[in-house]
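Structure record follows, encoded as structure tokens.
The values are calculated or read from the model by the stated rules, or taken from the named source; none is laboratory data. Just so it is clear, the model here is predicted, and its values are computed rather than measured. No Cβ is skipped: glycine too gets one built from the backbone with ideal geometry, and neighbour counts run over all protein chains shown. In case anyone asks, the SASA skips ligands and DNA or RNA and just uses the protein heavy atoms, side chains included. Shrake-Rupley method; radii C 1.70, N 1.55, O 1.52, S 1.80 Å.
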Amino acid sequence: MLRVSTQLGGIGWVVQPAFIDAALVTQLVQDMSRHELAGAFRDAAVGVGSTRSLHPTIRGDRICWLSMASSPSERHMLALFERLRVHLNESLMLGLHDLECHYAIYDEGKRYARHVDRSAQGAERVVSVVLYLNAEWVAGDGGELRMSTPAGEIVVEPRAGTLVSFLSDRFPHEVLVSQATRRSVTGWFRRRPTFPVS
Ligand code: OGA
Ligand code: MN
């Protein structure tokens, strides 16, 4: 855990290859399938407010918001994220208040073009986290996360169990075209919203 806060507080991003184990990955994929069968996934939109709309060539994933755990495995995953939130607050004084997160599925041929997670209107998103659930991923399946950093580009393979965390306002990033079904959980640790004082 110490490496996580040191690296996040230093260069602003960190990759943890085994944030969750294979058994939890399997259970979460089953949970996702259950939500999918229940019709809980929606095409993801881009933009905020009145400009929010669907642009499948820019962003092609389908998402299902995870507001509450609906299974022991989701509870377990959210507890791990909660532990990370408390750790980041204790070590970096980030004042993270909660986590908003969703499942995401990129079907074959889908991608998410280069963007930054935190818009001027959404200043409460502080740390982005992406947890990958692709047990069968092999090179050639695509769907890598490519992120621009001052030290150059980093590429993260979306392998099962890997967690990538980064400061939400810093790094332009994209999801390369996926050649296979790509599953993940994406979340944002948030600060309490602040309102301008007039
Ligand atoms: C996002 C995003 C990255 C990924 O959903 O905003 O950038 O690797 N996801 O899934
Ligand atoms: Mn993003």
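Here are the numbers for the structure shown:
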{"item": "Which listed residue, of G161, G187, is part of a strand (DSSP E or B) and at pLDDT 95 or above", "result": "G187"}
{"item": "Cross-chain or 6+ apart pairs with Cβ under 7 Å, the range 130-146 first and within 20 Å of S168 (Cβ to Cβ), then surrounded by 14 or more Cβ atoms within 10 Å (Cβ to Cβ) and aromatic (F, W, Y)", "result": "L131/F19"}
{"item": "Number of the condition not met by R170 [criteria: (1) within 17 Å of the chain's Cα centre (by Cα); (2) in a strand (DSSP E or B)]", "result": "(2)"}
{"item": "Within the range 128-159, tally of residues that are within 16 Å of ligand 2 (Cβ to nearest atom) and either farther than 27 Å from L94 by Cβ or not aromatic (F, W, Y) (or both)", "result": "16"}
{"item": "Residues of the range 33-83 satisfying the condition of being within 19 Å of L163 (Cα to Cα) and among the basic types (K, R)", "result": "R75, R83"}
{"item": "Odd one out for R125 among (1) within 15 Å of ligand 2 (Cβ to nearest atom); (2) crowded, with 18+ Cβ neighbours inside 10 Å; (3) modelled with pLDDT of 95 or more", "result": "(3)"}
{"item": "Residue in the range 128-150 that is part of a loop (DSSP other than H, G, I, E, B) and basic (K, R) present", "result": "no"}
{"item": "Flag if R146 is open to solvent by 20 Å² or more (accessible area, probe 1.4 Å) and under 14 Å from A104 (Cα atoms)", "result": "no"}
{"item": "Some residue of the range 148-157 being at pLDDT below 95 and of a type in the set (A, V, I, L, M)", "result": "yes"}
